[in-house]
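Below is one structure; the comments refer to it alone.
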Amino acid sequence: MEILSLIEYLSFERVLSVIAVFLVFMQFRQSNKIAVLEFEESFDRQYRELMLPIPVSVLMTGFYQPRDYEPLREYVYNYLDLSNEQCFLASRGKFSKQTWVAWRSGMQSHMKKKIFTEVFEEVMKHNPNAFTYLKDQNFELYYEN
């Protein structure tokens, strides 16, 4: 009788062990999802901070007054740098697919605008090796007809 009790006890411990391993796995998975979301949110904050000083009319159309080029140039350059970093990290699988698709779409939208294309081309003229991961995206740029 003692042997049967021992077998039942060991089986019960195995079941508890499997449940414990499963719960640890689920906790790890949830912690990983939270870490990725926090990481992505840090990039969202950086993006909003960079875009805040740019007039909405410029963000919507890409057009600006010539006198505004220099201050806009700084913000757009920093945006391009952030975008390049995002492209690099996406190539390493550091973002969720849903987030990357949304961000990439936003990048394409910006790159079609005059101010973003002009700053990008200015950087490429002076440093063709800059923003390599952003260049690899082959975004359509703004061109006057």
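Quick note: the coordinates plus some simple rules give every number you see, no bench work behind them. Just so we're clear, the structure is a prediction, and the values are computed from it rather than from any experiment. Reconstructed Cβ throughout: ideal geometry from the backbone, glycine too, with neighbour counts over all protein chains shown.
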Calc'd 3J(HN,Hα), the range 81-92, phi into Karplus 6.51 cos²θ - 1.76 cosθ + 1.60 (θ = phi - 60°), Hz, glycine/Pro = x, comes to 5, 4, 4, 4, 4, 4, 4, 4, 5, 5, 5, 9
Here the gain from full extension of residue 132 to residue 33, 0.36 nm per residue of separation minus their alpha-carbon distance, amounts to 32.8 nm
Calculated from backbone phi, Karplus (6.51, -1.76, 1.60) coupling profile of the range 72-77 in Hz, x at Gly/Pro: 5, 4, 4, 5, 5, 4
Calculated on alpha-carbon atoms, Rg and Dmax of the chain in Å: 25.0, 94
Which angle from 0 to 90°, rounded to the nearest 10, does the C-alpha axis of helix 2-51 make with the longest principal axis of the chain? 10 degrees
How high is the relative contact order of the chain? Use alpha-carbon pairs under 8 Å, at least six apart in sequence, and give a whole percent. 26 percent
Applied in sequence order to the range 132-141, the curve 6.51 cos²θ - 1.76 cosθ + 1.60 (Karplus, θ = phi - 60°) yields integer Hz couplings, x standing for Gly and Pro, of 4, 6, 5, 4, 4, 6, 6, 5, 6, 9
By how many degrees, 0 to 90 and rounded to 10, does the Cα axis of helix 97-111 deviate from the longest principal axis of the chain? 0 degrees
Measuring from the lowest to the highest alpha carbon on each principal axis, how far does the range 70-122 reach, largest first, in angstroms? 35, 17, 16
I want to check the label-to-label distance for residue 2 and residue 16. Put each point 7 Å from Cα in the C-beta direction and report it in nm to one decimal. 2.1 nm
Helix-only mean residue ellipticity at 222 nm, the chain, DSSP H runs n ≥ 4 weighted -39,500 (n - 2.57), per residue, nearest 500. What is it? -26000 deg cm²/dmol
Hand me the tally of lysine pairs in the chain: alpha carbons under 17 angstrom apart, and the pair either on different chains or 8 or more positions apart. 7
Among 19, 54, which comes first, then next, by fewest other beta-carbon atoms within 10 Å? 19, 54
Need the full-extension length gain, residue 41 to residue 61, defined as separation in residues times 0.36 nm minus the C-alpha distance. One decimal, nm. 4.6 nm
Between residue 122 and residue 85, with labels modelled 7 Å along Cα→Cβ, what's the label distance in nm to one decimal, could you check? 2.1 nm
